[in-house]
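Down below is the structure, laid out as structure tokens.
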Amino acid sequence: MNESNNQRKAIPWWLWPNVLNLDAPLVAVVWQEMFARVVGAQLGAEHRWLIFLAVWQVYFVDRWLDSRRDPKIQTDRHRFHGRIGAIGWVVEAAAFVASIVLAIRCLNQDGWVGAAVLLLLSGVCFTITHLGKSRWYLVLP
């Protein structure tokens, strides 16, 4: 099968949650619920939506950047993200705005500190992986 036929093949229905970045956010919500139960924290729907959207956005941008950095990546999810158009970025922008609104509504001071630390660590990782000219991303976790 040549390259053009491979790119045009239909994505199986069961793979769409992965292609659309829905699997990792769902796992994050389950982990959040498990940790909350262990420590006796009460979480509302806002907390669940906030972590879902935050994880979804990280995967969206990461896969889009991966598809730009290395066009040889041939997974269905990377090919899909390599073709993201304006509608995809409108959805991403809406998720970003919703995340900010949810964070304002439900995070306390400790939550904002934790979010800032995660943002910083994610930013360093993204910079090394996607913008760096070195191969540090091969040796760093």
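Summary table
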item	result
Karplus-derived HN-Hα couplings along segment 29-44 (A = 6.51, B = -1.76, C = 1.60, θ = phi - 60°), whole Hz, x at Gly and Pro	5, 5, 4, 4, 5, 5, 5, 4, 5, 4, 8, x, 7, 9, 10, x
Between helix 109-126 and the chain: long-axis angle, C-alpha atoms, 0 to 90°, nearest 10	20
Modelled FRET efficiency - R0 35 Å, Ile100 with Val30, Cβ distances, 0.05 increments	0.90
Distance (nanometres) between label positions extended 7 Å along Cα→Cβ at Val90 and Thr75	2.8
Accessible-area composition of the chain, carbon plus sulfur, in percent [1.4 Å probe]	70
Solvent-free Debye scattering, log10 I(q)/I(0), computed from the Cα coordinates of segment 44-120 at q = 0.14, 0.19, 0.26, 0.28 Å⁻¹	-0.54, -0.83, -1.16, -1.26
³J(HN,Hα), Karplus 6.51/-1.76/1.60, whole Hz, each residue of segment 81-90, x for Gly, Pro	5, x, 9, 4, x, 4, 4, x, 6, 5
Kirkwood Rh and Cα Rg combined as Rg over Rh, evaluated for the chain	1.01
Efficiency of FRET between Trp14 and Val117 - r from beta-carbon atoms, R0 30 angstrom, step 0.05	0.25
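The values are calculated or read from the model by the stated rules, or taken from the named source; none is laboratory data. Keep in mind that what you see is a predicted model, and the values were worked out from it rather than measured. As a convention, Cβ positions derive from the backbone with ideal geometry for all residues, glycine included, and neighbour counts pool all protein chains shown. Quick note on the areas: whole protein, heavy atoms, side chains included, nothing else; ligands and nucleic acids left out. Shrake-Rupley method; radii C 1.70, N 1.55, O 1.52, S 1.80 Å.
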